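Just so it is clear, none of the values below were taken in a lab; they were calculated from the coordinates. No experiment lies behind these values; they were computed from the predicted model shown. We place every Cβ from the backbone using ideal geometry, glycine too, and count neighbours over all the protein chains shown.
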Protein chains: 2
Amino acid sequence: MRLVIIGGVAAGLSAAARARRIDKSLEILVLEKGDAVSYGACGLPYYVAGRVGSLEELVVYTPEYFQRERNILVRTGTPAVAICHPKRQVALAGGEYVRYDRLVVATGARVDRTAIQGAEGPHVFTLQTPEEARRLKAYLERRRPKRAVILGAGYVGLEAAEALRGQGVSGITIFESGGGVLGRQDPWLTELVRQHLERFHIELRTQSRISAIEPDRVQDVPCEVVVLAAGLRPNVELAAEAEIELGRTGAIRVTERMETNLAGVYAAGDCAEAMHLVMGRPAWVPLGTTANKMGRVAGANAAGARERFAGVVGTSIVKACGLGMGLTGLSEAQARKEGFEPVVGRIEADDKPRYFGGRPATVELVVDARTRRLVGGAVIGEEGVAGRINVIAAAITARMRLEEFQQLDLAYSPPFAPAWDPLLVAAQQVSKLID
Amino acid sequence: MRLVIIGGVAAGLSAAARARRIDKSLEILVLEKGDAVSYGACGLPYYVAGRVGSLEELVVYTPEYFQRERNILVRTGTPAVAICHPKRQVALAGGEYVRYDRLVVATGARVDRTAIQGAEGPHVFTLQTPEEARRLKAYLERRRPKRAVILGAGYVGLEAAEALRGQGVSGITIFESGGGVLGRQDPWLTELVRQHLERFHIELRTQSRISAIEPDRVQDVPCEVVVLAAGLRPNVELAAEAEIELGRTGAIRVTERMETNLAGVYAAGDCAEAMHLVMGRPAWVPLGTTANKMGRVAGANAAGARERFAGVVGTSIVKACGLGMGLTGLSEAQARKEGFEPVVGRIEADDKPRYFGGRPATVELVVDARTRRLVGGAVIGEEGVAGRINVIAAAITARMRLEEFQQLDLAYSPPFAPAWDPLLVAAQQVSKLID
């Protein structure tokens, strides 16, 4: 019995490792088109910034480790060019065919450069792979650019801004085609982030769709380097050509067992959809943690177990220039669009007692007035951001009502939090508005 | 209509403030036996340590503030000596009587000195009130003691140890009458804390009940100062004499509306019981946050609203000598005693990626094998402790099952957490053991 996995980063290698744990005798082959596997892609901005000394530090496991310790064969530099499911074969670039009994498609996502003229220029970079990060860092060190443009105000764009500043780029402009940062149409959040970035001489321009990059400028902004941090698309061509069905999001449609429409073929990670537990339908939420979880389930099931991936609530977090921003569930606008009746409590409160160095944090809770259930939240601040957004994420997952959330028995001690945690203050605020 | 509240710290003033918000015309009188109201008692160890410059910083609101801004009369230095419910009167120390229509008993708790011979000595202190903290700090600054004994390895005892070290006390011994620290019979936790404290020259002796304090020693340990951080008892004498019923814990029995057995008389805070949501019965969990929440509900209902306090899951957190310790729900031993079938996953994992300065954290999850529900947890580490214990607390409150917890959509980004959060790694560990 042979399991073939296309893709050797988060989802692919999670699938491989989990499959091996379930079935000691399974033959497992991972095909990775790039040179590296099992790297922490989320660490690439920190490599560019110089905080991570070498790309090797980002590699969790090497192909040799997988071969030696897990009996998993990993072939790098090996792009799959076609899947022929009737023959249970994957065609490789050199003309070779690899037979499979079970297949996991974990082909990831990429930044689509084709939509922007000039995006292939030598001063244009993405932060997608170790190779590209290495190229960008070398460019920064050699050329010492002073002006940069970043396309996209999602988390990669904001992290890239911090990374470029860390490399001495003094003037940065971020163009965002949408109306807000971090994929949300939240004017308050966008304004808060804009003001924070301005203090670091980073300009944020929303509603600014860019169609061309010129050698020395983007629109009216002169620049010597451009980072593409928008236009992420799932790598689904291989799957689509093999008649693996895509969902309405454009990513591969999967069941909760990570099955595609083809028997024995699974998909996981950034190329696939995941159930959004608040929206109640599949969404495309390409994130490393989700990829790991989906990969784990795909690998288990491909190896004969019966596991399920329940889905996501859309949690994400980013730190840029000292400001932590955590989001989960739906924003007010998203909630309304999904048919909820959102009531929003948004407060600013100290994240710890003042006498313990407390600093202002903003907490937003979005509650559906009909069911009184939490459907979204945001936490912006310097400390405690991850913990607080995770509490909201857990509450949303549990379909917790406002009344229960408002009395959560949260930990209190001066080094950690004020006596009334900002989460509870925000809940009280919603409570006042909802009745 | 007059509401009288006995006690002017967390529960009492939360009740007063909430009652005022509900009913603008209510006459509200708060009787506080001490000199200060509305102080953050949890900050007292940090005042002793010198981290908080003055006791005034710990006072959230003054009596003048309450009078001026909230139309709430606060009388300090005014001990209540009796409640005569048939007459709806509270007797004060000077012979005065105060009439009430509604009464909230928020008399708090105290360290019982009577059980220990010599506990009234001039070198023996508690950390209960601003007055006592002031006395202790003055003593430390005047005498510059080098050797101290602390009775009790609960959170106050551990915070006191750190505070005394901050004041130059070089040798500290903590005597704990029970088998473990922080009120838990957890050998692993006690050992972990013991080893950590040893690095700071703080000795921890468990199973050591102390019945006498001598002027220059406790048992075989010479010392110049003693901190009493054990033997906390609810202040229920006033209530009991008025035939307010006590529960089996010895604290005042209340309904979820904070009603006592006497019509129109409520109790809240450290003098009262709270429903323990995991044990399913009332418990005595004297903590500031719980007191605030109970007070809020008591005040609302006393003012004519209809609110309820669902209960607690037993969350607490403490930091001592750089180590954060968060607990929630039940330990393995407690769970077994309560009739659960605990399966425990305990792991050590980095709290962030290594390349981002990740440090080892310990996470324990206690899951009931029959229902697969989370019933307890512990998080010990340097960073992210509050956030992670709060996620467990929220999951326990929501009666979340292991399967759901294991796939929680937690925030991931290198500055905050590893791709697999330690919480999820611990859940995977339970999962392996439970099947």
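Report, ordered by chain and residue number, the lysines lying within cross-link reach of A:LYS87, taken as a straight Cα distance under 23 Å and ignoring same-chain residues fewer than 8 apart.
The qualifying lysines are A:LYS33.
Can you name the residue in chain A whose Cβ lies closest to the A-to-B rotation axis, and give that gap in whole Å?
Residue and rounded Å distance to the axis: A:GLY387, 1.
Once amide H atoms are placed 1.01 Å from N in the peptide plane, what residues at a sequence separation of 5 or more from A:GLU214, or on another chain, have their amide H within under 5 Å of its amide H?
Long-range HN contacts for A:GLU214: A:GLN219.
If we restrict to alpha carbons, what Rg and Dmax does segment B:60-163 come to, in Å?
Gyration radius and largest Cα-Cα distance of segment B:60-163: 18.6, 55 Å.
Distances from B:ILE434 to the same position in the other copies: list them in nm, one decimal, shortest first, using label points 7 Å from Cα along Cα→Cβ.
Its label point is 2.8 nm from the equivalent points in the other copies.
Please arrange B:VAL430, B:VAL104 by how many other C-beta atoms lie within 10 Å of their C-beta, fewest to most.
By the 10 Å Cβ count, ascending, the order reads B:VAL430, B:VAL104.
Can you give the FRET efficiency to the nearest 0.05 for B:ARG143 and B:ALA333, using r as the Cβ-Cβ distance and R₀ = 56 Å?
Working: r = 41 Å, r/R0 = 0.72.
My answer for the efficiency is 0.85.
In whole angstrom, note down how far apart the Cα centers of segment A:384-435 and segment B:242-289 are.
23 Å
State the antiparallel share, in %, of DSSP beta bridges confined to the protein assembly as shown, rounding to the nearest 5.
In the protein assembly as shown, DSSP labels about 60 percent of beta bridges as antiparallel.
Tell me the distances, shortest first, between A:LYS337 and the same position across the other copies, using label points 7 Å along Cα→Cβ, in nm to one decimal.
Those separations, rounded to one decimal, come out as 5.3 nm.
When DSSP assigns beta bridges and you keep just the ones with both residues in chain B, what percent turn out antiparallel, to the nearest 5?
Of all bridge pairs located within chain B, approximately 60 percent are antiparallel.
Rounded to the nearest 500, what is the 222 nm mean residue ellipticity of chain B from helices alone, with -39500 (n - 2.57) per DSSP H run of 4+ residues and division by all residues?
On the way: 12 runs with 122 residues, N = 435.
For chain B, the value works out to -8500 deg cm²/dmol.
Cα axis of helix A:130-143 to longest principal axis of chain A: angle in degrees, 0 to 90, nearest 10?
The angle comes out at about 60 degrees.
Quick one: what are the phi-derived ³J(HN,Hα) couplings along segment B:192-209, Karplus 6.51/-1.76/1.60 with θ = phi - 60°, whole Hz, x for glycine and proline?
Per-residue couplings from phi come out as 4, 5, 4, 5, 5, 5, 4, 5, 10, 6, 10, 9, 10, 10, 8, 6, 10, 7 Hz.
I'd like to know which of A:GLY381, A:GLY322, A:PRO414 lies farthest towards the positive end of the charge dipole of segment A:322-434, counting +1 on Cβ of Lys and Arg and -1 on Cβ of Asp and Glu.
Selected residue: A:GLY381.
Quick one: angle between helix A:155-166 and the longest Cα principal axis of chain A, in degrees between 0 and 90, rounded to 10, please.
The angle comes out near 80 degrees.
Search the structure for amide H atoms under 5 Å from the amide H of A:MET275, placed 1.01 Å from N in the peptide plane, and list their residues when 5 or more places away or on another chain.
The answer is A:ALA283, A:VAL312.
Could you derive backbone 3J(HN,Hα) for segment B:323-339 from the dihedral phi with the Karplus parameters 6.51, -1.76 and 1.60 (θ = phi - 60°), listing whole Hz in sequence and x where the residue is Gly or Pro?
With the stated coefficients, segment B:323-339 comes to 9, x, 10, x, 10, 8, x, 10, 6, 4, 5, 4, 4, 5, 4, 7, x Hz.
Can you check how the C-alpha radius of gyration of the protein assembly as shown compares to 2.2 N^0.38 Å, as a plain ratio?
1.03
Using a 10 Å Cβ count of at most 16 others and DSSP loop calls, identify the longest part of chain A lacking such trypsin sites (Lys or Arg not before Pro).
Here the longest segment lacking exposed loop sites spans A:25-86.
What are the ³J(HN,Hα) values, in whole Hz, obtained from phi via the Karplus relation 6.51 cos²θ - 1.76 cosθ + 1.60 with θ = phi - 60°, for each residue of segment A:405-410 in sequence order, with x given for Gly and Pro?
Karplus values, whole Hz, x for Gly and Pro: 4, 5, 10, 3, 7, 8.
Calculate the dipole size of segment B:322-434 relative to its Cα centre from +1 charges on Lys and Arg beta carbons and -1 charges on Asp and Glu beta carbons; express the result in debye to the nearest 20.
Value, rounded to 20: 240 debye.
Taking the label point as lying 7 angstrom from Cα along the Cα-to-Cβ axis, what are the distances from B:GLU241 to the corresponding position in the remaining copies, in ascending order and in nanometres?
From this label point to the equivalent ones elsewhere in the assembly: 9.0 nm.
Give the whole-number value, in cubic angstrom per residue, of the convex hull volume spanned by the C-alpha atoms of chain B. All intermediate terms of the calculation are to be shown ahead of the outcome.
Working: hull volume 66.8 nm³, N = 435.
Convex hull of Cα atoms, per residue: 154 Å³.
Which residue, A:VAL59, A:VAL74, A:VAL363, has the most motion in a Gaussian network model of chain A that connects Cα atoms within less than 10 Å?
Residue with maximal mean-square fluctuation among A:VAL59, A:VAL74, A:VAL363: A:VAL59.
Taking Cα atoms, how many degrees apart are the long axis of helix A:10-22 and the longest axis of chain A, rounded to 10 and kept between 0 and 90?
60 degrees
May I ask for the Kirkwood hydrodynamic radius of segment A:1-44, worked out over all distinct Cα pairs and given in angstroms to one decimal?
10.9 Å
Taking loop as defined by DSSP and a crowding limit of 14 other beta carbons within 10 Å, which GluC sites (Glu not before Pro) in segment A:7-86 fit?
Working: sites: A:GLU27, A:GLU32, A:GLU56, A:GLU57, A:GLU64, A:GLU69; in loops: A:GLU32.
Answer in residue order: no site qualifies.
Please identify every one of the GluC sites (Glu not before Pro) in segment A:112-196 that sits in a loop by DSSP and has no more than 16 other beta carbons within 10 Å of its own beta carbon.
Passing sites in segment A:112-196 are A:GLU120.
Amide H of B:ASP350 versus every other amide H placed in the peptide plane: which residues, excluding those fewer than 5 positions away on the same chain, fall under 5 Å?
B:ALA361
Taking only the alpha-carbon positions of segment A:278-415 and ignoring solvent, what does the Debye formula give for the base-10 log of I(q)/I(0) at q = 0.08, 0.09, 0.13 Å⁻¹?
-0.26, -0.32, -0.64
Which ordering of B:VAL379, B:VAL169, B:VAL265, A:VAL60 is given by a fewest-first count of other beta-carbon atoms within 10 Å?
A:VAL60, B:VAL169, B:VAL265, B:VAL379
Using the Cα centre of segment A:396-435 as the reference point, and only Cβ charges (+1 on K/R, -1 on D/E), how large is the resulting charge dipole? Debye, rounded to the nearest 20. Could the numbers behind the result be given before it?
Details: 3 positive and 5 negative charges, 22 e Å.
Charge dipole of segment A:396-435: 100 debye, to the nearest 20.
Once you sort the root eigenvalues of the Cα gyration tensor of segment A:124-230 as a ≥ b ≥ c, which label holds: rounded (a/c under 1.5), prolate (a/b larger than b/c) or oblate (the other case)?
prolate
Return the loop-located GluC sites (Glu not before Pro) in segment B:209-249 (DSSP other than H, G, I, E, B) with at most 14 other Cβ atoms within 10 Å of their own Cβ; answer none if there are none.
Taking segment B:209-249 and a limit of 14 other Cβ atoms within 10 Å, the loop GluC sites (Glu not before Pro) found are B:GLU243, B:GLU245.
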